[in-house]
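What follows draws every value from the coordinates through simple rules; no lab data is involved. Fair warning: this is a prediction, and the values are worked out from it, not measured in the lab. Backbone-built Cβ (ideal geometry, glycine too); neighbour counts: all protein chains shown.
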Protein chains: 2
Amino acid sequence: MGAERADEAAGEWAEVAPDAAQRLVGAAVEAFAERGYHATTTRDIAGRAGMSPAALYIHYKTKEELLYRISVTGHERALKIMAAAAGAEGTAADRLCCAVRAFASWHAERHTTARIIQYELKALGEEHYAEIADLRRQTDRLLREIIQDGADAGEFTVRDVPGTTLAVLSLCVDVARWFTADGKRTPDQVGELYADLVLGMVGARRP
Amino acid sequence: MGAERADEAAGEWAEVAPDAAQRLVGAAVEAFAERGYHATTTRDIAGRAGMSPAALYIHYKTKEELLYRISVTGHERALKIMAAAAGAEGTAADRLCCAVRAFASWHAERHTTARIIQYELKALGEEHYAEIADLRRQTDRLLREIIQDGADAGEFTVRDVPGTTLAVLSLCVDVARWFTADGKRTPDQVGELYADLVLGMVGARRP
């Protein structure tokens, strides 16, 4: 794990303020991951954070508000990763490698959070869901543009750009399901493996 | 949807007998899919099946036993699909296409069941988990052997056979997360798309 990533790991929820709200988000992630959103009560979350239900209520009016906070933070982070890759210098293959490496390794590193933001979407309220769906569409579009650029430049051989985009995102997202910290591969190794496999998918294998 | 698949759809749980036990399994799948395993009670399940909790207890002593029944049936079905592909005639590429087409389209067609068997593994008891883990290892091994055969025969260019096997399985499994019956692609179309993309991953794109 690089120093930058270690810093990020320590501060996954650093942007959530004040400190009590940040602790509640961490507690909610743990609880949702263990038992699922619907089986978790705000009382469980407050207890894990060492707070009373009344103290929780000061920061989050509902359990859904906590899920939304986790979901929006996670999806914004995922979009930022994709935007950095899409905006980088180099060929479409370079940008695609960069995107897949970062996106897959993020889903490994942050597998607990990623599972929640991917599997509990249905539990979001209508407006919150619409906001998250928009972030997801932006992420999808950035990846699709990289793949389209490569196809247009003759770097890639792609029969179905939206379908390939969907498959590449899906491959990276599912890392959150199977990845365990005590497994055979580090997040960086997963990123490397996947970048190579995806270049194969788009017909642009690295030499 | 072919006639064979329609029959299978009608009888997803046909092998579960007697009829009351079969109805309970169907009700449990619905309930787990909507609210998650931990938030579902045996009372919820019995109610959905139009039965009393006491009547449920005749067939399943615990909620975990129902999850196990769903999980073992689903995993055996997945293994059977993979075994059929692995045992088919033809080149490694033919068998890989066949495996991916069948495995991906099954995860689309049976996305509700597949989500439960993939996401609620942790909720299984120790012995049940061990049995399911063994079925998963068998499925994994069959796919790995196809990929290894193709690499040995020079049909495929694969740098990391276990890693590629993991990625191919993961790609197919994650169909269960994103697939919706009202989406752009049918299960068969997903299977076709994925077979082509996976041939690219192993460096054996179809002409």
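Could you pull out every one of the lysines with an alpha carbon less than 25 Å from that of residue B:184, ignoring same-chain neighbours closer than 8 positions?
A:122
Between copies, how far does the label point of residue B:83 sit from its twins, in nm, shortest first, when each point is 7 Å from Cα along Cα→Cβ?
For residue B:83, the inter-copy label distances come out at 5.1 nm.
Considering only the label points, 7 Å along Cα→Cβ from Cα, what distances in nm to one decimal separate residue A:138 from the same position in each other copy, shortest first?
4.8
Among B:129, B:68, which comes first, then next, by fewest other beta-carbon atoms within 10 Å?
Values: B:129 15, B:68 20.
Lowest to highest Cβ neighbour count: B:129, B:68.
Find which of A:82, A:52, B:150 sits farthest along the positive direction of the dipole of the protein assembly as shown, computed with +1 on the beta-carbon of Lys and Arg, -1 on that of Asp and Glu, about the Cα centre.
Value computed over the given set: A:52.
For the stretch A:37-139, give the magnitude of the charge dipole about the Cα centre (Cβ charges: +1 Lys/Arg, -1 Asp/Glu; no others), in debye to the nearest 20.
The dipole of the stretch A:37-139 has a size of about 260 debye.
To the nearest 20 Debye, how big is the dipole of the protein assembly as shown about its Cα centre, given +1 on the beta carbon of each Lys and Arg and -1 on that of each Asp and Glu?
Numbers: 50 positive and 62 negative charges, 102 e Å.
So the magnitude is around 480 debye.
Counting only other chains, and only Cβ atoms inside 10 Å, what mean value do you get across the residues of B:150-158?
1
Using a 10 angstrom cutoff on alpha carbons, build the Gaussian network for chain B and name the most mobile of B:38, B:107, B:75.
Of B:38, B:107, B:75, the Gaussian network model singles out B:38 as fluctuating most.
Please give me the summed charge of the neighbours of residue B:107: other residues whose Cβ is under 13 Å from its Cβ, Lys and Arg +1, Asp and Glu -1.
+3
Can you sort B:71, A:52 from fewest to most other Cβ atoms within 10 Å of each residue's own Cβ?
Going from least to most buried by this count: A:52, B:71.
May I ask you to derive the FRET efficiency for residue B:58 and residue A:153 from their Cβ-Cβ distance with R0 = 51 Å, giving the value to the nearest 0.05? Before the final figure, lay out each step's value.
Details: r = 65 Å, r/R0 = 1.28.
Calculated transfer efficiency: 0.20.
What does the charge count around residue B:149 come to, taking other residues whose C-beta lies under 14 Å from its C-beta (Lys +1, Arg +1, Asp -1, Glu -1)?
-2
Modelled label-to-label distance, residue A:14 and residue A:122, 7 Å Cα→beta-carbon offset: nm?
3.6
Between residue B:55 and the same site in the other copies, what are the distances in nm, shortest first, taking label points 7 Å from Cα along the C-beta direction?
Label point to label point, same position, other copies: 4.8 nm.
What residue among B:176, B:93, B:14 has the largest mean-square fluctuation in a Gaussian network model of chain B, using Cα springs under 10 Å?
The residue that fluctuates most here is B:14.
When Cβ neighbours within 10 Å are restricted to other protein chains, what is their mean count per residue of peptide A:119-131?
The mean count of partner-chain Cβ atoms within 10 Å per residue comes to 1.
Which helices, taking whole DSSP H runs in chain A, have alpha carbons extending 15 angstrom or more along the helix axis plus mean Kyte-Doolittle at least -1.0? Can you show the working numbers first?
Working: long enough: A:19-35 (24 Å, 0.14); A:63-86 (34 Å, 0.07); A:92-109 (25 Å, 0.32); A:126-152 (37 Å, -1.05); A:161-173 (18 Å, 1.85); A:187-201 (21 Å, 0.39).
Taking the DSSP H segments of chain A (at least 15 Å long, mean hydropathy at least -1.0), we get A:19-35, A:63-86, A:92-109, A:161-173, A:187-201.
Using only alpha carbon pairs under 8 Å that are at least six residues apart, calculate the relative contact order of chain A and give it in whole percent. Present the calculation step by step, with values, prior to reporting the outcome.
Working: 221 pairs, mean separation 48.3, N = 207.
Relative contact order comes out at 23 percent.
Given a Förster distance of 30 Å, report the FRET efficiency between residue B:184 and residue B:76 from their Cβ-Cβ distance, rounded to the nearest 0.05.
The value I calculate is 0.45.
Which FRET efficiency, nearest 0.05, do residue B:83 and residue B:129 yield, Cβ-Cβ r, R0 22 Å?
Here the calculated transfer efficiency is 0.50.
What average number of partner chain Cβ atoms lie no more than 10 Å from the Cβ of the residues making up B:171-182?
Average per residue, whole number: 4.
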